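Everything on this sheet refers to the single structure shown next.
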Amino acid sequence: MKTGSKEDEAVRLKTDEQYMREALKQARKAGKLTEVPIGCVIVREGEIIARGYNRRNTDGSTLAHAELAAIRKACRKAGDWRLEDCTLYVTLEPCPMCAGAIIQARIPRVVIGCMNPKAGCAGSVLNLLDIKGFNHQAEVTYHVLEQECSSMLTDFFRKLRESKKTEQHKAEETNK
């Protein structure tokens with residue numbers, strides 16, 4: 001096979017989907033904690049070396065994002081802050097903080113499930129992963145298992161709104 005052939009692209013897409021499914025498993029863990037379901041895995045040489053999921057409310061920390069948890073674990077496993085031979089898979093486009101951490105960790109490739117038009121910094125609002133003035137840029141692959149990633153978030157927020165309406169209705173009934 002030549003480099004860049006349709007066969008290579010098909011193999012890469014299959015591999016990306018395999019690891020995005022693992023990121024979706026992490027997102028489900030967040031959802032079970034009533035956290036926004038975002039998951040992340042970091043892969044090096046065909047092996048998942050770190051996993052993370054959103055835990056902001058659980059940990060009471062704005063820093064408890066899926067990507068940061070996974071980067072922290074990957075650095076520990078690699079014994080270095082540089083993750084130059086890794087690929088990061090995340091179900092939702094990274095925010096500014098996480099995109100910055102990806103650049104700082106020198107991660108060369110990022111695979112994203114769905115975009116975040118309100119806070120995404122890998123192409124939606126900004127693209128911090130491709131600013132030539134920085135000393136590192138990351139190659140980005142978009143929309144891998146997009147429907148699954150997007151549906152998980154949509155379902156989560158729909159259920160959250162329904163739950164809030166139910167609570168509000170119960171409070172109103174109690175006050176009558």
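The values are calculated or read from the model by the stated rules, or taken from the named source; none is laboratory data. Predicted model only: the values in this text are computed from it and were never measured. Glycine gets a Cβ as well: all are built from the backbone with ideal geometry, and neighbour counts include every protein chain shown. Areas reflect the complete protein model, heavy atoms only, side chains present, ligands, DNA and RNA absent. Shrake-Rupley method; radii C 1.70, N 1.55, O 1.52, S 1.80 Å.
Here are the numbers for the structure shown:
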| read-out | value |
| --- | --- |
| Solvent-accessible area, 1.4 Å probe, carbon plus sulfur percent, for the chain | 51 percent |
| Cα-based Rg and Dmax for segment 1-158, where Dmax is the largest Cα-Cα distance (Å) | 14.8, 50 |
| Isolated Cys in the chain, by beta carbon distance under 4.7 Å | 40, 75, 86, 95, 98, 121 |
| Gyration tensor verdict on segment 25-69 (Cα atoms; rounded if a/c is under 1.5, prolate if a/b is larger than b/c, oblate otherwise) | oblate |
| Whether segment 1-85 is rounded, prolate or oblate, judged on the alpha carbon gyration tensor where a/c under 1.5 counts as rounded | oblate |
| Over segment 1-42: Rg over Rh, Cα atoms, Kirkwood Rh | 1.25 |
| Between segment 135-176 and segment 72-101, the Cα center-to-center distance that results, in Å | 24 Å |
| Most mobile of 58, 15, 166 in a GNM of the chain (Cα contacts under 10 Å) | 166 |
| Equivalent ellipsoid dimensions for segment 90-166 as semi-axes, Å, which come from the Cα gyration tensor, largest first | 28, 13, 9 |
| Probe 1.4 Å, protein heavy atoms only - accessible area per residue of the chain in square angstrom | 58 Å² |
| Positive-pole candidate from 19, 71, 147, dipole of segment 1-148, charges at beta carbon | 71 |
| Solvent-accessible area of residue 124 with every protein chain in place, 1.4 Å probe, in Å² to the nearest 10 | 50 Å² |
| Subset of 25/77; 6/29; 32/165; 6/73 violating a 23 Å alpha-carbon distance limit | 6/29; 6/73 |
